[in-house]
Each structure stands twice: as structure tokens, then as C-alpha cells.
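Chemist: Would you mind keeping the following structure in view while I ask a few things?
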Amino acid sequence: MRDHYLIQANLARTSGEASQFLSRQQPSFDSIGEEFSKHVESIWIEAKRLSVDSGSLFEMLVGSIFIAADLTPLYSNAELKEAIGLEMDYLIWNSKSDAPVCFQLTSTLRERFRLADLQAFKVKTRYPRAEFHLLTMDSKDVARRKSTNFESLDSLIYCGDDSFDRLIRGVKERVKPSLVERELLDTKGLTLHVDSGSSS
């Protein structure tokens, strides 16, 4: 199976339309270049052209970028013990600051930034050194929100331009990822992602 590497990394539960599509565009994590935003944008344009399911594809694509950028261990569907009821799409525990770096994903923005700002506030009340980022493929709505002052959200990022590259570079500079099961609720959806070293 071409998409076996995505299943092995727990980015896809089973082989399906989105995972097969992504593995055709991106044969391995090693095939992802350093211009992450261009990689994301080109795959997204092709997915839209072929009407591939965007929600699951976006999550797999962003997870692939984190793995390619060596930002593992990485958790998905993670719920912090000190912020119960709030599930993060992706979470990296930063052992440098002993705090979470949280990422929420939404392919279309709409009013999702308001919810993400509230979620960021809830997390930072318990973890003052936490980071909280909202990632989207909605360039038009992101452009409209540039001047919005968020109370707690660190960034609203369109993944198809260089703001996404700057975010990844910044996280790599600031963050030393580590395992942190002690801080997470052991929920049914909690998933650990690591680069197994076998990316093809």
C-alpha cells in the first residue's frame, strides 16, 4: 500500500481516499521539501480540483509537515488534564518550557477563530507558558482577521504562505518536543505520532 507510511505514523487509521491521494502527491515524509507552505498549497489545489475530502486531508498534511520538520513526538486529539473538555487537534509538549504547544486546525475559518481564542485562554490559565496556534487553508478569512487583536491566541496562520514556514521554523527554535503522558488524559482518541524512520 502506497499510504502505509501514513498509517504507520498514525496519521491515517486505515487506507482511504484522502490517504491514498496524499501518498500519491507525497510518497514519503522525506519527499517533503523545506518550503512547507508551497508543498501544502500545491497539494491543496490538486485536492480541490479532484474533490478529495478536505478535513481529513488537511489533518494528515499538517501532521506530515510536523513529522518532516522533526517535531515529534506529536500528539493528536489530545486533552490536557488541567484543561478538561478541550481537545487539541495537535499538541507538542515543550520540555524547555514544560508547557504545551497547541494547534487547532480548520480548513475553512468562518468564526472558528473566536472559539480558538477562548480555548487558548483556557489552556493559558493553567499553563501560562503555553503556545496556541490556529491553522487554516482559508486565505481570504485570514486576510480579513490580520488586524484582529486576539486575547490569547498566539497566531492565526494560513498554511499556504510563508507565515506557515516562519511558524514551523520558530517552533523548531523554541521547542524541544518530549513525551508527556503524565499531563494528558488517556482518552479514546489520543494518538501519538513519531517518525518511525521508515518513511516509504
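The values are calculated or read from the model by the stated rules, or taken from the named source; none is laboratory data. Source: prediction; values computed, not measured. Neighbour counts are summed over all protein chains in view; Cβ atoms, including those assigned to glycine, are modelled from backbone coordinates with ideal geometry.
Chemist: Taking the condition of being within 22 Å of F164 (Cβ to Cβ) and under 17 Å from the mean Cα position of the chain (by Cα), how many residues in region 11-25 meet it?
Modeler: Number satisfying all stated conditions: 5.
Chemist: Can you tell me which condition S64 does not meet? The list is (1) at pLDDT below 95; (2) small (G, A, S); (3) outside the structural domain of K140 (by TED's automatic domain parsing), and all the others hold.
Modeler: Among (1) at pLDDT below 95; (2) small (G, A, S); (3) outside the structural domain of K140 (by TED's automatic domain parsing), S64 violates only (1).
Chemist: Looking at region 60-88 only, could you name the residues that are of a type outside the set (A, V, I, L, M, F, W, C) and touching a residue at least 24 places away in the same chain (Cβ under 8 Å)?
Modeler: G63, S64, D70, T72, P73, Y75, S76, N77, E79, K81, E82, E87
Chemist: Next question, about the same structure. Would you mention how many residues in region 47-59 are touching a residue at least 24 places away in the same chain (Cβ under 8 Å) and closer than 15 Å to G160 by Cα? If you could, list the steps in order and put the result at the bottom.
Modeler: Here is the first cut: in region 47-59, the residues touching a residue at least 24 places away in the same chain (Cβ under 8 Å) are 47, 50, 52-59.
Going one step further and asking which of them are closer than 15 Å to G160 by Cα, we end up with 47, 54, 57-59.
The total comes to 5.
Chemist: Within region 60-69, can one find any residue that is assigned to a loop (DSSP other than H, G, I, E, B), of a type in the set (S, T, Y) and closer than 28 Å to R174 by Cα? Please lay out each step first, then the result.
Modeler: Of the residues in region 60-69, the ones assigned to a loop (DSSP other than H, G, I, E, B) are 69.
Now drop any that are not of a type in the set (S, T, Y), which leaves none.
Checked region 60-69: no residue is assigned to a loop (DSSP other than H, G, I, E, B), of a type in the set (S, T, Y) and closer than 28 Å to R174 by Cα.
Chemist: Select from region 70-85 the residues that are small (G, A, S) and not in a loop (DSSP other than H, G, I, E, B) and write down the one among them that is surrounded by the most Cβ atoms within 10 Å (Cβ to Cβ). So that I can check it myself, show each step before the final result.
Modeler: Kept after step one, since they are small (G, A, S), are these residues of region 70-85: 76, 78, 83, 85.
After this cut, where a residue has to be not in a loop (DSSP other than H, G, I, E, B) as well, the list is 76, 78.
Working: S76: 22, A78: 25.
Restricting to residues being small (G, A, S) and not in a loop (DSSP other than H, G, I, E, B), the top hit is A78.
Chemist: Could you tell me whether F103 is out of contact with any Ser or Thr (no Cβ under 9 Å at 6 or more places or on another chain) and not assigned by TED's automatic domain parsing to the domain that holds F36?
Modeler: Working: out of contact with any Ser or Thr (no Cβ under 9 Å at 6 or more places or on another chain): yes; not assigned by TED's automatic domain parsing to the domain that holds F36: yes.
Against the criterion (out of contact with any Ser or Thr (no Cβ under 9 Å at 6 or more places or on another chain) and not assigned by TED's automatic domain parsing to the domain that holds F36), F103 qualifies.
Chemist: Turning to a different aspect of this structure: Could you please give the count of residues in region 86-128 that are in contact with a strand residue (DSSP E or B) (Cβ under 8 Å, 6 or more places away or on another chain), within 19 Å of F58 (Cβ to Cβ) and not in a helix (DSSP H, G or I)?
Modeler: Result for region 86-128: 15.
Chemist: Moving on to the next point. Read through the list (1) of a type outside the set (F, W, Y); (2) part of a helix (DSSP H, G or I); (3) modelled with pLDDT under 95, then give the number of the only condition that S42 fails.
Modeler: Result: S42 fails condition (3) only.
Chemist: Taking the conditions exactly as written (out of contact with any strand residue (DSSP E or B) (no Cβ under 9 Å at 6 or more places or on another chain), under 17 Å from D161 (Cβ atoms) and loosely packed, with under 15 Cβ neighbours inside 10 Å), does S42 satisfy them or not? Walk me through how you get there before you give the answer.
Modeler: On the way: out of contact with any strand residue (DSSP E or B) (no Cβ under 9 Å at 6 or more places or on another chain): yes; under 17 Å from D161 (Cβ atoms): yes; loosely packed, with under 15 Cβ neighbours inside 10 Å: yes.
Here the answer is yes, as S42 does meet what is asked.
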